[in-house]
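The structure appears below as structure tokens.
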Amino acid sequence: MSAIYTTDEYGRPFIIVREQDKKSRKSGIEATKSHIMAAKTVANIVRTSLGPRGLDKILISPDGDITISNDGATIMSQMAIENQIGKLLVELSKSQDDEIGDGTTGIVVLAGALLEQAEELLDRGIHPIRISDGFERACKIAVAHLDKVSDVIPWSKDDTTDLFKCAKTSLGSKIVNKCHDQFAQIAVDAILAVADLERKDVDFELIKVEGKVGGELADTALVHG
């Protein structure tokens, strides 16, 4: 490391350190592959927590606080990620959680899988912009196919059977699966209690979750305020 001692126009001394001389900066395909590798690493961490048989992760903070969870959003938010592409995946998981409320692990795993395929295309000499355009076209085709095969399931406040099934599926990979039916029914009843059916909107701020020390999961109850 080399340095230059000099003074400013008022005669105050300062030192100019030339520390960039010995640093190398990646560029081009090499930098792109480095970012893909970082994203794949993050995706592989949460991959094993996906699905009803997903494994829990133990996260220990610098302060010693321990978090045990298999929820993608929780795991991603607790991870100290320095890489900018890795941070983008964290934001992707948060956006999925805020917008949909589920699929936080799957969205990260899917992004990692797409980037893994993109890496193979890069090795074949295809430009990143062409790859990006191809993904956008594939997305439109996939969405069009989903619209074609999708089905409308009627429901009403008097018949919540289908809503109960949806809630039960979403809770299948959570720690509350030991009281599957109970929590699924609580979720449905809580949503219907605050939902604006005319606007098709639910204000989740109206639903509060209070934890109490002692007892067990089966003691959980819905209290209408």
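The values are calculated or read from the model by the stated rules, or taken from the named source; none is laboratory data. Since the model is a prediction, treat every value here as computed from it, not as a measurement. FYI the Cβ positions are ideal-geometry reconstructions off the backbone, even for glycines, and counts take in every protein chain you see. Each accessible area value is taken on the protein alone, full model and side chains, heavy atoms only, with ligands, DNA and RNA left out. Shrake-Rupley method; radii C 1.70, N 1.55, O 1.52, S 1.80 Å.
Of the residues making up the stretch 80-90, those that are part of a helix (DSSP H, G or I) and open to solvent by less than 100 Å² (accessible area, probe 1.4 Å) are Ile85, Gly86, Lys87, Leu89, Val90.
Consider the stretch 123-132 and keep the residues that are open to solvent by less than 70 Å² (accessible area, probe 1.4 Å) and assigned to a helix (DSSP H, G or I). The one that is nearest to Glu30 (Cα to Cα) is Pro128. The set of residues in the stretch 91-116 being farther than 23 Å from Glu205 by Cα and either open to solvent by 100 Å² or more (accessible area, probe 1.4 Å) or not hydroxyl-bearing (Ser, Thr, Tyr) (or both) consists of Gly106, Ile107, Val108, Val109, Leu110, Ala111, Gly112, Ala113, Leu114, Leu115, Glu116.
Is it the case that Glu120 is without any contact (Cβ under 8 Å) to a residue 24 or more places away in the chain, closer than 14 Å to Glu30 by Cα, out of contact with any Cys (no Cβ under 8 Å at 6 or more places or on another chain) and not small (Gly, Ala, Ser)? First the steps, then the outcome.
On the way: without any contact (Cβ under 8 Å) to a residue 24 or more places away in the chain: yes; closer than 14 Å to Glu30 by Cα: yes; out of contact with any Cys (no Cβ under 8 Å at 6 or more places or on another chain): yes; not small (Gly, Ala, Ser): yes.
So Glu120 passes the test.
Once the stretch 133-149 is narrowed to residues that are among the charged types (D, E, K, R) and closer than 19 Å to Thr32 by Cβ, the residue that is most open to solvent (accessible area, probe 1.4 Å) is Glu136.
The C-beta contact set for the stretch 41-57 (first residue closer than 19 Å to Lys87 by Cβ, second residue β-branched (Val, Ile, Thr) and in a strand (DSSP E or B), distance under 8 angstrom, 6+ apart or interchain) comprises Lys57/Ile68.
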